[in-house]
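Notes to accompany the following structure.
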Amino acid sequence: MASGSGWGRLPEALLHSILDYMVPIDGRIKFSAVCSQWRRVAWEHCRELRSKHTQQLPLLMVPTPDNSKVRRSLYSVTRKTLCRSQLSVPHNKRCCGSSHGWLITVDDSSVVTLFNPFSGKIISFPPLRRLESEKRLVREYAGVVDSSCRKQVMEEFSSSEREEEEDEAEEEINHDYQEDEGEINDIAEEEETEGVPDYMNGADKVSESDYSIWKAVLSVDPDLNPSDYVLMVICGIQKRLAFIQSVDKDWTYISKKSCSTRNIRRPAGNIADIKYSKGMFYALNERGGLLSCDVSGSLKVKMITPNDMSFSFKRKLYLGESSGGDLLRVINVLDEKFRTIEFEVHGLGDGCGRAKWKQVESLGDAALFLGDNHSITILASDFHGCQPNSIYFSHNHSEFMAVLDGGVLKLLYLQWAPYDIGVFNLEDGKFARHHVLDPSQRLMPPPIWILPTLM
């Protein structure tokens, strides 16, 4: 509608009052589409609320009913329906994360892009510089059939990887590494990886973008802090950490040696999840250990808790927060077909003067939203229809895995694994489904939680 019709001349105070009572995102999107004046007011209103850290209800971005490659629908868990409005999304890049209303995408050249589907704004970053041995491994393994040859590829990969790690360490910035004194009881020192089930042997060929970035998290919303934000990612076959600040021209790579303890023979483990909390990044490795990464000045990496579990394909680990802002470790337990059967929640406690994970029986009024997004915590009582003491999850088990099975390296891309969507109540231990994908949507990009920037 043209602004000349008179709608654009309404007092801004009146428009702000209308927006205060307009909760569903559909209404706000339609409001901003009336004219340029209303759109500007809508963005100013939204920006003001976001700057005050007003809680938002995450929406689940899902395939459209017609399975469009360039659009996505939004599903509301409280209204239990699809929003009428749809979002335009990149169709030629893999989405590897959602943070503060932005989608983080990566292509086969490892070029990383931030895309805000609500505003259309794009921020581009330099490509990630992965170890050459990782790329060579994927290329060579694609044509390897004989198991002895596979083993040789694995041995060559391990050797070249060590050499490149040493060379890379000389190039990386100097940083402080801190570790609490005392012996760390690492039960996974003699790590045993569970065998690969027979039905995983038919895994699909791996695309480089499938393992360039496993997860990506922003420190803050770039719209609110355009010159002072950090993007941290879990990248590469070995699931290492890298980050880039808004003013940087290249990525900083955190060596796996920095994420290990000095008194055990093995590194602390591949990174499973990352979380920005109280001015610092935290990383959880696949064996349960917690690291802190202070990137505010010279990089400081510190081991907070020791590893307390062995690696397993039958679990996924997440970092979350309580309603009071305390860190939580969430263990997603899976069955043989990678379907969720249980959640365990741990909080940080004090054990003999050392930080230690302890089981949490209740989340209280909090609801967690977990998946490929940065974990989100809201107060359920603020949103009618939201279930308290619950975990809303949307897991993408279409993952690439590099594993040893009987001394043979196997690269597995579980493209056929199910998308796991639902809500788990900690009080009664029961599951419920809030959105069910049509079978025709199995090959579509997986659902992901996103915070609407048009609130």
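Some values worked out for this structure:
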item: Residue in segment 253-290 that is modelled with the lowest pLDDT, counting only those that are hydroxyl-bearing (Ser, Thr, Tyr) and either touching a Lys or Arg at 6+ places or on another chain (Cβ under 6 Å) or under 23 Å from Asn373 (Cβ atoms) (or both); result: Ser277
item: The one condition in (1) of a type in the set (A, V, I, L, M, F, W, C); (2) at pLDDT 90 or above; (3) surrounded by fewer than 22 Cβ atoms within 10 Å (Cβ to Cβ) that Cys293 fails to fulfil; result: (3)
item: Criterion: at pLDDT 85 or above, assigned by TED's automatic domain parsing to the domain that holds Glu336 and farther than 24 Å from Val301 by Cα - qualifying residue of Leu224, Leu218, Leu241, Leu231; result: Leu224
item: So Met455, is it modelled with pLDDT under 80 and in a strand (DSSP E or B); result: no
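The values are calculated or read from the model by the stated rules, or taken from the named source; none is laboratory data. This one's a predicted model, so the numbers in the text were calculated from it and none came from an experiment. With ideal geometry, Cβ positions are generated from the backbone for all residues, glycine too; neighbour counts draw on all protein chains shown.
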